[in-house]
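The values are calculated or read from the model by the stated rules, or taken from the named source; none is laboratory data. Source: prediction; values computed, not measured. FYI the Cβ positions are ideal-geometry reconstructions off the backbone, even for glycines, and counts take in every protein chain you see. For the accessible areas, the whole protein counts, side chains as well, though only heavy atoms, and no ligand, DNA or RNA atoms are used. Shrake-Rupley method; radii C 1.70, N 1.55, O 1.52, S 1.80 Å.
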Amino acid sequence: MKKLFHSLMAFLICLTVFNCQDHRLEPIPEPTQFQVSNFAAGLKSPIGMAIDDKGQIWVTENGAGNNDGQISVISPTGTVHRGIIGFRSIISPEDGLPAGLTHLLYREGKLYILHAVDGKLYTADVANFIAGNPPLAAAVLPSEDIRPFVLSQNLSNPLNSNIFNLTFGPDGDLYIIDAGANAIIKRNSSNKALSVFAKIPLLNPMTEPVPTGIVYDGTKFLVSGLGGFPFTDGATKIYQVDGSGNVSDFKTGYTNLTDIVLTANKKPLVLQFAKFVFNPPAMVGFQPMTGQILNENGTVLQKDLMMPTSIQRSGDRTYFVLSLALGTIQKLTY
C-alpha cells in the first residue's frame, strides 16, 4: 500500500509539473483592443521614451526651444522628475516647433541618447539612478559625432541629417535611423566605427520615406516611415531590412508612422501620428486626435490619439504611448 501511495503521489506531481510547463508554453495573445488610462503629464515637447530595469520611464523633452532640453525620469507610479538637464534646444525653422533631442534607448544601465540638432549620440550611466535623485548634467556626458559622418556619405540632395531613432542589432551593434538622410547608420560595438548599413528608397520620385522607428526581431529589422509632403493617406510603409542591409516592403498602406514596437510574440505594432489635410486656404496641417495604433495587418487597435511620437512595451501586455502635443503618457493594457 505504501508503494502504491508513493507511486500515485509521484504521478500526481509529474502531472502537475507537466501542466504548469504546458501552461507556460501557451502563446501570449496578440492585442485586439486596449484599456487606456492616464499615466503621466506635464512633459514639454516630448519625443521619445525608454524603460529601464526598475520600471522607470525616461523621456526626451525639448522644452520651449530655448536651450531648455532635458530628459525626465518617471517613477513606476507616474511621478515626473528631472533626470538629465542642460540639453540644447531651438525652435526649428522648418515647422516652428522646439527641436533638439529625439529618441533614446536603454540597455544594461546606460541610456543612448540622440540629439538631432547637435548631431550627436550621448551616453549616460543611469544604473543607480532613482527617480527623485539630483539630475545629471548633459554637459558632462560622453558624446560621439554622428552628423559629420552622415553628411560625408552624400546620402541626400541637398545634404541632410536628422538622427531620430535607434535599436540594438546583432553583436550588440547600434543601428541609428537618420530621418533626414533616409538611411540606417551602423555603429560597431567594439570600436564605435560608423558605416552606412542601408538606404531607404523614395516612396515615389517626389516623396521621401522619412524613416522614424526601428526594431530588430532577431532575424531582420523592421522600420516605420512617416513619409514626406503631402503626407497622403495610405502612402507609407513598414520596411524590412535583412542582415546585409537589403531593404524591401514588409507591409504597405499606412499613414504617417512615427514609431514601431514589437509585441511579446515579436509582431510589429506601429504608431500613426495623425492624418494630414491639405485644403488651402481653409485647412492645412495634421489633424488633432487622428493618431492610431495599428498591427501588421493594418487593423486599428487604438484610435483618437493626439499626435503620438513613441510607443514602448513593458512586460507582455502593457504599452506606454507618448503624446507630443499634450505632453502626456497613456498606459495601455489588454
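Tabulated data
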item: Of all residues in segment 74-116 being part of a loop (DSSP other than H, G, I, E, B) and surrounded by 21 or more Cβ atoms within 10 Å (Cβ to Cβ), the one that is farthest from the chain's Cα centre (by Cα); result: Ser89
item: Filter pass, Gly42 being of a type outside the set (Ser, Thr, Tyr), open to solvent by 10 Å² or more (accessible area, probe 1.4 Å) and under 18 Å from Val321 (Cβ atoms); result: yes
item: Where Trp58 falls short, out of the listed (1) crowded, with 16+ Cβ neighbours inside 10 Å; (2) within 25 Å of Asn188 (Cβ to Cβ); (3) touching a helix residue (DSSP H, G or I) at 6+ places or on another chain (Cβ under 9 Å); result: (3)
item: Segment 276-290, subset in a strand (DSSP E or B) and free of Cβ contacts under 8 Å to residues at least 24 places away in the same chain, residue surrounded by the most Cβ atoms within 10 Å (Cβ to Cβ); result: Val277
item: Those residues of segment 34-73 which are of a type in the set (A, V, I, L, M, F, W, C) and not in a strand (DSSP E or B), in sequence order; result: Phe34, Ala41, Leu43, Ala64
item: Tabulated pairs, segment 132-161, first over 19 Å from Asp68 (Cβ atoms) and at pLDDT 95 or above, second open to solvent by 80 Å² or more (accessible area, probe 1.4 Å) and assigned to a loop (DSSP other than H, G, I, E, B), C-beta under 8 angstrom, 6+ apart or interchain; result: Glu144/Lys192; Leu151/Leu159
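Here's the yes/no breakdown for (1) open to solvent by 30 Å² or more (accessible area, probe 1.4 Å); (2) closer than 16 Å to Ile85 by Cα:
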site	(1), (2)
Asp118	yes, yes
Leu121	no, yes
Leu136	yes, yes
Leu141	no, yes
Glu144	yes, no
Ser152	yes, no
Leu155	yes, no
Pro158	yes, no
